[in-house]
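Below is one structure, written out as structure tokens, with a few remarks after it.
The values are calculated or read from the model by the stated rules, or taken from the named source; none is laboratory data. Please read all numbers here as calculations on a predicted model, not as lab measurements. Positions of Cβ are backbone-derived with ideal geometry, glycine not excepted, and every protein chain shown enters the neighbour counts. For accessibility, only protein heavy atoms count, side chains too; no ligands or nucleic acids. Shrake-Rupley method; radii C 1.70, N 1.55, O 1.52, S 1.80 Å.
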Amino acid sequence: MATLEAPIEIGGLTVPNRLYRAPLLECAGNGPDAVDTLIDDLEPAAESGVGLICQGATIVRGEGGCAAPGMTRVHDPDFVAQLSRLTDRIHDHGSRIVVQLEHGGLRSMETWHAEYREEHPDLEQLAVSNPPWQLRALDRVGFLEYDPHVLTTDEVYDLAADFGRAAANAVEAGYDGIHLAGANMGIVQQFLSPFYNRRDDEFGGSPAARLEFLAVVHDEIRERAGDVPLLTKVPAETPAPPSPVVRRKLSLADGVEIARRLEEIGYDAVVPVQTSVVWDMSIIRGEYPDRAWNNEALWEEYDAAFGGSTRRRLVSLANRVQSLQYDFEAAWNEDFCRRVREQVSVPVLAEGGIRGRGEMDRLLGPNEGADDGDRREGAACDMVGMARPFYAEPRLGARLLETDSEAESPRVLCESCNNCTVPQVTGAPGICRTPDVVRKRGELERAGVYDRLESE
């Protein structure tokens with residue numbers, strides 16, 4: 001049996017194989033069509049055989065905290081109960097589904113989205129500590145706008161309880177597990193990071209104290225949602241600008257220690273990712289999305305988001321510079337994942353730049369003589385995931401699973417061009433916008449390639 005097809009246990013949950021759809025922006029919101037939008041986005045991956053579906057970041061509070069337009073909020077039990085239609089559809093195909101919980105903190109739209117700020121003038125950003133000087137400098141020149149509310153100790157506990165309540169809502173709606181957004185500059189990373197966290201209470205002041213928020217969130221989820229599988233991303237801020245611009249950040253060694261401590265706390269799986277201290281292309285890497293930036297039909301909406309045409313051009317220029325700095329690298333989190341896996345016994349999930357079956361088999365390690373449940377020696381991870389390639393091929397699992405890896409090593413159609421990502425600042429859906437990729441997918445659809453698993 002091929003490694004990718006082997007089942008795996010995560011906190012008592014059996015996942016039928018080791019391929020997962022990593023969290024993406026679904027831009028579904030909370031309107032009357034939200035559940036149908038999520039079904040349309042997520043069910044195709046389950047239909048194609050993907051073992052685990054990770055719904056993209058959802059916000060645990062009723063206002064503020066959204067890092068991008070159209071994010072779904074999961075604070076309301078009545079709304080979340082409707083998501084049972086989604087979880088039922090995923091389960092009908094034999095897949096499992098977890099929901100990612102998030103709060104943007106200083107990365108929230110009230111910081112960077114000009115039109116949103118105008119419409120919500122009273123919103124403050126939740127902050128672990130006062131913004132670092134680098135971010136205050138961007139505020140002074142008008143590129144960002146900060147009105148931070150630094151959480152008191154009691155308010156940190158209240159926020160952790162909101163994570164617990166949201167988790168309980170999700171489990172009641174049929175979700176199989178909870179996935180914390182522990183990276184990409186959300187508030188969990190802000191607690192973990194010495195760049196952001198300069199608190200002097202029990203939630204800051206030392207590496208162990210900076211982990212305390214995740215410990216309290218764990219306890220809240222266990223108390224309110226039970227012994228549900230609990231995953232989190234684990235950041236290393238290695239792509240952040242070097243000293244003297246950024247002196248305090250999480251190293252790879254720090255990330256490994258965080259993962260080790262999280263296992264002790266009781267987390268059931270970890271997702272090690274290298275991410276900067278700010279929102280930049282280190283998160284996605286790949287090509288400069290010239291097609292997206294040059295789409296004149298979106299300029300008016302870009303201008304509304306960034307605060308005018310001049311700022312739109314400046315953001316585009318920064319995007320171009322970053323695309324040169326953060327070259328695409330296949331499986332760019334591999335070394336981090338491998339180091340973490342050497343120190344923990346819980347499953348390690350790998351994502352970031354994984355683009356082919358051959359890479360997946362290599363990351364999952366040798367299979368000779370191993371039973372399905374064995375933890376293979378020499379592997380970098382225990383599951384492999386992709387995000388943007390599912391924008392290009394919603395039923396991608398059908399091409400990657402049940403292949404003869406020696407004779408066939410399929411690769412995704414996604415070109416890592418990032419033309420799917422920039423329009424999302426306007427609330428546009430996450431779809432592939434590259435004509436060559438869309439054409440190739442159409443050819444495969446007409447050839448019935450994506451129907452293979454279902455027909456078997």
### Task
Please indicate, with yes or no, whether at least one residue in segment 294-313 is crowded, with 19+ Cβ neighbours inside 10 Å and without any contact (Cβ under 8 Å) to a residue 24 or more places away in the chain.
yes
### Summary
If you go through E223, E257, E237, the only one that is touching a residue at least 12 places away in the same chain (Cβ under 8 Å) and over 22 Å from the mean Cα position of the chain (by Cα) is E223
### Query
Pairs, please: C-beta under 6 Å, at least 6 apart or cross-chain, first residue closer than 29 Å to A292 by Cβ and in segment 319-345, second open to solvent by less than 40 Å² (accessible area, probe 1.4 Å) and among the aromatic types (F, W, Y)?
R320/Y288; S323/Y288
### Within segment 91-114, tally of residues that are modelled with pLDDT of 95 or more, part of a helix (DSSP H, G or I) and of a type in the set (D, E)
1
### Query
Tell me, which residue of segment 228-262 that is open to solvent by less than 10 Å² (accessible area, probe 1.4 Å) and farther than 26 Å from A167 by Cβ is modelled with the lowest pLDDT?
A240
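Sort out which residues of segment 272-283 are under 23 Å from I354 (Cβ atoms) and open to solvent by less than 40 Å² (accessible area, probe 1.4 Å), and write them in order of number.
The first filter runs over segment 272-283 and keeps only residues under 23 Å from I354 (Cβ atoms), leaving 272-276, 279-283.
Answer for segment 272-283, where residues must be under 23 Å from I354 (Cβ atoms) and open to solvent by less than 40 Å² (accessible area, probe 1.4 Å): P272, V273, Q274, T275, S276, D280, M281, S282, I283.
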## Note on the structure
Those residues of segment 25-36 which are in contact (Cβ under 8 Å) with a residue 60 or more places away in the chain and open to solvent by 20 Å² or more (accessible area, probe 1.4 Å) amount to L25, C27
### Task
For segment 113-142, name all the residues that are in contact (Cβ under 8 Å) with a residue 60 or more places away in the chain and either open to solvent by 50 Å² or more (accessible area, probe 1.4 Å) or farther than 25 Å from Y302 by Cβ (or both).
E115, E124, L126, A127, V128, S129, N130, P132
### Task
Tell me, please, whether a residue that is touching a residue at least 24 places away in the same chain (Cβ under 8 Å), touching a Cys at 6+ places or on another chain (Cβ under 6 Å) and open to solvent by 20 Å² or more (accessible area, probe 1.4 Å) can be found in segment 78-94.
no
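For residues that are among the small types (G, A, S) and in a helix (DSSP H, G or I), scanning just segment 115-165, find the one that is nearest to D200 (Cα to Cα).
Of segment 115-165, the ones among the small types (G, A, S) are 127, 129, 137, 142, 160-161, 164.
From the residues that got through so far, the ones that are in a helix (DSSP H, G or I) too are 137, 160-161, 164.
Numbers: A137: 24, A160: 18, A161: 21, G164: 24 Å.
By that ranking, first place goes to A160.
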#### Entry: Options A81, A137; residue that is more than 21 Å from the chain's Cα centre (by Cα), among the hydrophobic types (A, V, I, L, M, F, W, C) and at pLDDT below 95
A137
### Candidate set from segment 143-189 (those that are under 20 Å from A215 (Cβ atoms) and hydroxyl-bearing (S, T, Y)); member that is surrounded by the most Cβ atoms within 10 Å (Cβ to Cβ)
Y157
